[in-house]
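Some notes on the structure that comes next.
Every number in this text was worked out from the coordinates using simple rules, so none of it is lab data. Not measured: the values here are computed from a predicted model. Glycine gets a Cβ as well: all are built from the backbone with ideal geometry, and neighbour counts include every protein chain shown.
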Amino acid sequence: MKSLEIRDLTVALTASPEQPIVKGLSLTINTGEVHAIMGPNGTGKSTLSKAIAGHPDYQITGGDVLIDGESILEMEPDERARAGIFLAFQYPAEIPGVSIANFLRAAEQARLAEGENVDAAAYYKRLYAKMDDLKIDRKFTARSVNEGFSGGEKKRCEILQMAMLEPTFALMDETDSGLDIDALKVVAEGVNRLRGERLGVMMITHYQRLLDYIIPDFVHVMYDGRIVKSGDKSLALEMEAKGYDWVKEELATASA
Ligand SMILES: Nc1ncnc2c1ncn2[C@@H]1O[C@H](COP(=O)(O)OP(=O)(O)O)[C@@H](O)[C@H]1O
Ligand SMILES: [Mg+2]
């Protein structure tokens, strides 16, 4: 078992480091676990995932992030990826003229030491095996990355990327706005196929709907840069029924 430990983390924009967005957040994700993070818009969910992945716009101003007890804060984003972290993007970029097959192969190549090369035959064998597992049509890999993709196709590309990279910790940031039911199911089926002993998942979502398809082991409610409630899947249903204002009221009562 491996662990991703987020310890009392504070994150700010690199451009304004004195104003925290994530305000002392602690969470440990072990391999084999799926953690859902819910919370209203603007509460710092995307900031959290990007800061862990090492996005340059965000600065970690306090606390630590550790994999198996080793801090990753000094690592560059590519080193963090090699250490097993995968960040799925909320708004994926289009890369016209670059096929999915070549894109994934370049990603594979980037992880090798200098002078080593991806073995093409072995690469395609692996790619097609993963596609078969995920029930993705082989013709799909000839398409340019995200170009003219439907919501569902973007998600299929992302899940395939995740399957090929075999991360230890997947940080998935899903807005439900713009996620049609097809895309939602692609994400859910992909995560359900890939989840298991060797993968820990942090699934960020605004609505409970996605969690009808992915049953999380733990649910956390994030509010104003912190986790204010944790529980099992029933917490997601409770939040859906009561809304986030309920958390606000509860916090106000607690601090009064
Ligand atoms: N790159 C950025 N530039 C300016 N403000 C940002 C940026 N990223 C996040 N923020 C601000 O930080 C807060 C949290 O944003 P975000 O992490 O995207 O929240 P969530 O994903 O929970 O909706 C918001 O007020 C948002 O406007
Ligand atoms: Mg977000």
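Distance between Cα centroids, the range 214-242 to the range 104-151: provide it in whole Å.
Going from one Cα centre to the other spans 35 Å.
What's the magnitude of the charge dipole for the range 144-249 around its Cα centre, counting Lys and Arg as +1 and Asp and Glu as -1 at the beta-carbon? Answer in Debye, nearest 20.
200 debye
Return the subset of Lys23/Lys45; Lys50/Lys185; Lys2/Lys135; Lys50/Lys242; Lys154/Lys185 for which the Cα-Cα distance in this structure is over 18 Å, preserving the input order.
Lys50/Lys185; Lys2/Lys135; Lys50/Lys242, as the Cα separations exceed 18 Å there.
Extending each Cα 7 Å along its Cβ direction at Tyr124 and Ile95, get the distance between those two points in nm, one decimal.
Calculated label separation equals 2.0 nm.
Counting each DSSP H run of 4 or more residues in the chain as -39500 (n - 2.57), what helix-only mean residue ellipticity at 222 nm follows after dividing by all residues, to the nearest 500 deg cm²/dmol?
Mean residue ellipticity, 222 nm, calculated: -10500 deg cm²/dmol.
Please report, in debye to the nearest 20, how large the charge dipole of the range 3-255 is about its Cα centre when each Lys and Arg carries +1 at its beta carbon and each Asp and Glu carries -1 there.
620 debye
Which residue, chosen from Ala107, Gly84, Ile181, occupies the Cα position most advanced towards the positive end of the dipole of the range 3-255, where the dipole is computed from +1 (Lys, Arg) and -1 (Asp, Glu) charges on Cβ about the Cα centre?
Final value for the positive-end residue is Ile181.
Please list, in order along the range 3-8, the HN-Hα scalar couplings obtained from phi with the Karplus expression 6.51 cos²θ - 1.76 cosθ + 1.60 (θ = phi - 60°), rounded to whole Hz, x for Gly and Pro.
So the Karplus estimates, Gly and Pro as x, are 10, 10, 10, 9, 10, 6 Hz.
So what are the three principal axis dimensions of the range 3-255 from its Cα atoms, in whole Å, longest to shortest?
62, 39, 33
Rounded to the nearest 0.05, what FRET efficiency do Asp245 and Arg82 give with R0 = 51 Å and r taken as the Cβ-Cβ distance? Could you check?
0.75
What residue among Ala163, Ile227, Met202 has its Cα farthest toward the positive end of the dipole of the range 136-256, where the charges are +1 on Lys, Arg and -1 on Asp, Glu, each on the Cβ?
The one lying farthest along the dipole's positive direction is Ala163.
Would you mind counting up the charge near Lys248? Only other residues with Cβ under 14 Å from its Cβ, with Lys and Arg at +1 and Asp and Glu at -1.
On the way: positive: Arg226, Lys229, Lys242; negative: Asp224, Asp245, Glu249, Glu250.
Result for the neighbourhood of Lys248: -1.
Considering only the other residues whose Cβ falls under 12 Å of the Cβ of Phe218, what net charge follows from Lys and Arg at +1 and Asp and Glu at -1?
After counting each charged neighbour, the total is -1.
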